[in-house]
Amino acid sequence: MIEFKGVSKVYPNGTVGLKDVNITIHKGDFAVIVGLSGAGKSTLLRSINRLHDITDGEITIDDKSMTKAKGKELLRMRRDIGMIFQNFNLVKRSSVMRNILSGRVGYHSTIRTLLGLFPKQDVELAMNALKRVNMEEKAFARADELSGGQQQRVSIARALAQEAKIILADEPVASLDPFTTRQVMDDLKRINQELGITTIVNLHFVDLAREYATRIIGVRAGEIVFDGLVEEATDEV
Ligand code: ADP
Ligand code: ADP
């Protein structure tokens, strides 16, 4: 369970990213955050795994404070959170396998990692993750040989191989065509249902949100303007 308690975020230049946000996201939710560009969706998502710090309030995950976590505790909490970005964030010249396992880099000695010598159980973990997104045949392809949709599915596999309990996806389909968009959203949804991974996705299309979400959170100018079930969401959010 992820809880925002009076969360505000003001950027160093004075821009208000979030204003007194109070929301609760439950285990297993497929929550979609909707709002126009600049509404604060990304600010909200990045606050959860502390890609940036908030300026007021507190965020807790399973009653543990993400806001106050430090050092090893922070690393542990972050390890449970997989992040998916609009631009895929893969190392283009590296293999799919290496991209996936570099998320587990803390587990290996540097020289083995550099040589691409990953422990057998990690390779199996990566292959299982790739199977979930139908990408096992591309395990040893270079990331930049893949289409956008394929790259995004690899980044989903990376989150799975990290054994994430929470997946945060920041506009994961914004640079994909309509067909590929559905493939990626279907993958996210299936994984959410099969593995019970709490999933939070930023989207700027309400239609797509309605189709996939169990819960819709509407953001406008840093404030929550809607928080509820899909059936209750109007086109206004
Ligand atoms: P969204 O993801 O909904 O498009 P963002 O969370 O990226 O919105 O942005 C929310 C607001 O914060 C916008 O006004 C944006 O310009 C501003 N903002 C985002 N990142 C920064 C930053 N690093 N510094 C200053 N302002 C920022
Ligand atoms: P860079 O700092 O080179 O731009 P990234 O954009 O990949 O690197 O990462 C930005 C931040 O996001 C870093 O703090 C990194 O630790 C974090 N990050 C990257 N990938 C993930 C992930 N899968 N899950 C959680 N955090 C991530």
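The values are calculated or read from the model by the stated rules, or taken from the named source; none is laboratory data. All figures in this text were calculated on a predicted structure; none of them were measured in a lab. Glycine gets a Cβ as well: all are built from the backbone with ideal geometry, and neighbour counts include every protein chain shown. Heads up: the accessible areas ignore ligands, DNA and RNA and are worked out on the full protein's heavy atoms, side chains in. Shrake-Rupley method; radii C 1.70, N 1.55, O 1.52, S 1.80 Å.
Surface analysis of the chain yields an accessible area of 49 Å² per residue, using protein heavy atoms and a 1.4 Å probe. Between ASN13 and ALA221, the modelled labels are 2.0 nm apart [label points 7 Å from Cα along Cα→Cβ]. Here the Debye sum runs over all C-alpha atoms of the chain as equal scatterers in vacuum, and log10 of I(q)/I(0) at q = 0.17 Å⁻¹ comes out as -1.27.
Surface composition of the chain: carbon plus sulfur atoms hold 51% of the accessible area, using a 1.4 angstrom probe and ignoring ligands, DNA and RNA. Which is the longest part of the chain that has none of the chymotrypsin sites (Phe, Trp or Tyr not before Pro) sitting in a DSSP loop with at most 14 other Cβ atoms within 10 Å? No qualifying site falls inside 1-139, the longest such stretch. The stretch between ASP63 and ARG190, if pulled fully straight at 0.36 nm per residue, gains 43.0 nm over its current Cα-Cα span.
The candidates SER37, SER175, SER8, arranged from most to least accessible area with a 1.4 Å probe in the full protein assembly, appear as SER37, SER175, SER8. With a cut-off of 12 Å on the backbone N, the residues of the range 76-101 near the modelled label site 7 Å out from ARG142 along Cα-Cβ are 92-96.
Note that the range 180-230, at 20 °C in a medium of 1.002 mPa s, gets a Stokes-Einstein diffusion coefficient of 181 µm²/s from its Kirkwood radius over C-alpha pairs.
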